[in-house]
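Asks: Mind looking over this structure? Questions follow.
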Amino acid sequence: NPYGTQRGRKGSSDARGPCTALSSASSPEMLRGKRVIVTGASSGIGEQMAYHLARMGAHVLVTARTEAKLQKVVERCRELGAASARFVSGSMEDTAFAEEVVKEAENTWGGLDMLILNHIGHSYFNYFDGDVDHIRKLLETNFLSYVAMTVTALPMLKESEGNIVVVSSVAGKAPGPFAAPYSATKFALDGFFSSLRHEFIIENVNVSITLCILGYIDTGKLNQETLTTWKAKIEDTFVN
Ligand SMILES: NC(=O)C1=CN([C@@H]2O[C@H](COP(=O)(O)OP(=O)(O)OC[C@H]3O[C@@H](n4cnc5c(N)ncnc54)[C@H](OP(=O)(O)O)[C@@H]3O)[C@@H](O)[C@H]2O)C=CC1
Ligand SMILES: C[C@H](CCC(=O)O)[C@H]1CC[C@H]2[C@@H]3C(=O)C[C@@H]4C[C@H](O)CC[C@]4(C)[C@H]3CC[C@]12C
């Protein structure tokens, strides 16, 4: 999994997946006591990142829509050794909620060291069906909420010389068929955050921005129907 990170000042670059990077990028001790928000943490990759952070003794604030799942994630984080663990539930379709999550971190911790943006809204993996409203809604969830959280968190991240981690996909670097809405939102992330990284370098802002480019990862929860449809489409079109 290619993984690039760069600080606002001329600094480090790296090549790893998000969980590997969290557990071995440097000493796990480096995350002890750090204050971290993880979005989309009720399942899949976000949930696992929360557990990695907990094992390393970080303070974690997890968010997603499903309160019952978040409660379990928080309990598990505490068992694994998190310095503290809490959740805020709500939908990232609404940028006001995105800002609320960051404010919760500010009110609780008085600062923030790492913002991990990972959530995605539901999409389909098939021929583009012409539904413009779906794209608008998906951009709100997968892109605009990431921007809103970054804007709200930036004063705290500048203060702590912290980190922004943006979870993206191969679909956000190399477009393929049957993923037009999803792919568009992931390309938007690259355009925005890679441009912002340049600005941080110019202005000596010491906040790193890491874009994680992931290939397919079976998280167990995967929407099999979605993946089966996508694979069948690829085979029908390019193999048969
Ligand atoms: N798994 C894979 O193969 C790959 C994943 N990725 C990327 O990794 C990241 C995580 O993916 P993965 O773990 O597979 O996905 P999951 O579907 O397992 O997790 C998505 C998370 O987002 C939350 N979520 C969904 N809709 C909303 C919403 N409207 N508002 C707030 N939260 C929401 C879900 O919780 P809830 O439903 O409770 O809200 C869940 O916690 C994504 O950015 C994805 O693009 C990239 C490439 C490959
Ligand atoms: C189906 C998953 C989202 C859950 C949902 O309910 O919508 C997708 C999340 C990540 C996707 C994969 C990905 O990002 C990498 C590939 C990109 C290609 O363009 C399409 C195939 C992918 C394996 C893609 C498949 C769907 C997801 C797993």
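The values are calculated or read from the model by the stated rules, or taken from the named source; none is laboratory data. Here the structure is a predicted model, which is why all the values come from computation and not from measurement. Neighbour counts run over all protein chains shown; Cβ positions are idealised from the backbone, glycine included.
Asks: I'd like the residue in region 171-213 that is closer than 21 Å to residue 232 by Cα and surrounded by fewer than 18 Cβ atoms within 10 Å (Cβ to Cβ) and, out of all such residues, is farthest from ligand 1 (Cβ to nearest atom). Outline the logic, then answer.
Replies: Of the residues in region 171-213, the ones closer than 21 Å to residue 232 by Cα are 171, 174-183.
This time we only want the ones that are surrounded by fewer than 18 Cβ atoms within 10 Å (Cβ to Cβ), so: 174-177.
Details: 174: 12, 175: 14, 176: 12, 177: 16 Å.
Once the filter is applied, the top-ranked residue is 177.
Asks: Go through (1) of a type in the set (Ser, Thr, Tyr); (2) more than 19 Å from residue 211 (Cα to Cα); (3) within 16 Å of ligand 2 (Cβ to nearest atom) for residue 108 and report which single condition fails.
Replies: The failed condition is (3).
Asks: Mind checking which residues of region 42-68 are within 16 Å of ligand 2 (Cβ to nearest atom) and either at pLDDT below 95 or out of contact with any helix residue (DSSP H, G or I) (no Cβ under 8 Å at 6 or more places or on another chain) (or both)? Steps first, answer last, please.
Replies: Filtering region 42-68 down to residues within 16 Å of ligand 2 (Cβ to nearest atom) leaves 42-49, 64-66.
Of everything in region 42-68, those that are within 16 Å of ligand 2 (Cβ to nearest atom) and either at pLDDT below 95 or out of contact with any helix residue (DSSP H, G or I) (no Cβ under 8 Å at 6 or more places or on another chain) (or both) turn out to be 44, 46, 65, 66.
Asks: In the set 141, 150, which member is free of Cβ contacts under 8 Å to residues at least 60 places away in the same chain and in contact with a strand residue (DSSP E or B) (Cβ under 7 Å, 6 or more places away or on another chain)?
Replies: Values: 141 fails: in contact with a strand residue (DSSP E or B) (Cβ under 7 Å, 6 or more places away or on another chain).
150 is the lone residue from the list that is free of Cβ contacts under 8 Å to residues at least 60 places away in the same chain and in contact with a strand residue (DSSP E or B) (Cβ under 7 Å, 6 or more places away or on another chain).
Asks: Residues in region 155-170: is at least one in a helix (DSSP H, G or I) and within 12 Å of ligand 1 (Cβ to nearest atom)?
Replies: yes
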